[in-house]
Amino acid sequence: MRNMRKRHVSLLLVLAAIAMVLVAGCTAPTQKASPIPSPVARTSTSLAKTSTTTAVSSPSPSPSLSPTPAPIATATPTGTPTPVSIPPATGKIATTVEGDKFFLTQGDIAKGTPVHWGFEVTAQSSQPPIICGNGATVTVTIDGHAAGEVTPFNPGSTKSCFETASFDLSAKDTAGLSTGKHTFKISYAGDSTYQPSYLVAVFNVT
């Protein structure tokens, strides 16, 4: 009798355990199946590398400038050219007025002191070289005004011609000059054969 009770109790326990398992299975939260992730479409973004090319404009070659031709050097005459007196169409002979040694060595002219000079008019292409005689007209001016006394030299038939005319300025004449520089001009008038000429000098009156 006792064995039967034990079997019944064991059976009840087994049934109770099965029931509990069933109940537990029914009451357990239903686990949601995790969705299978769909394959992600990879969008490959192609980054186009933009290569920026900076165009450097190289300067266009300017047309070559034609070199300026150097000026042609003209030959410069060496030495001092000697002036040549060309006679005019009339065929007159050129002349030159020159002073004697007293004129050339004259320094300052002292007021109240007389002056005596001699002058030669030289023909440049004739004989005799010195023009003299009564036909030779020589005048002397001081600052543009006639002054002193001019005496033509007349050698006559026995004397040689050593000057054309002489010039004298008296003590009274020099006393009348103002102190300072004065311009003396000795002029030869010329004639039918010779050209006129003149000589200018500046002297200081003290």
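The values are calculated or read from the model by the stated rules, or taken from the named source; none is laboratory data. Everything numeric in this text was worked out from a predicted model, so none of it was measured. Because the Cβ atoms are built from the backbone with ideal geometry, glycine has one as well, and the counts that use them run over all protein chains shown. In case anyone asks, the SASA skips ligands and DNA or RNA and just uses the protein heavy atoms, side chains included. Shrake-Rupley method; radii C 1.70, N 1.55, O 1.52, S 1.80 Å.
Output the residues belonging to segment 93-114 that are in contact with a Gly (Cβ under 8 Å, 6 or more places away or on another chain) and loosely packed, with under 15 Cβ neighbours inside 10 Å. Residue satisfying the conditions is Phe102 alone. If the condition is being open to solvent by less than 60 Å² (accessible area, probe 1.4 Å) and under 54 Å from the mean Cα position of the chain (by Cα), then segment 165-182 contributes Phe167, Thr174, Leu177, Gly180, His182.
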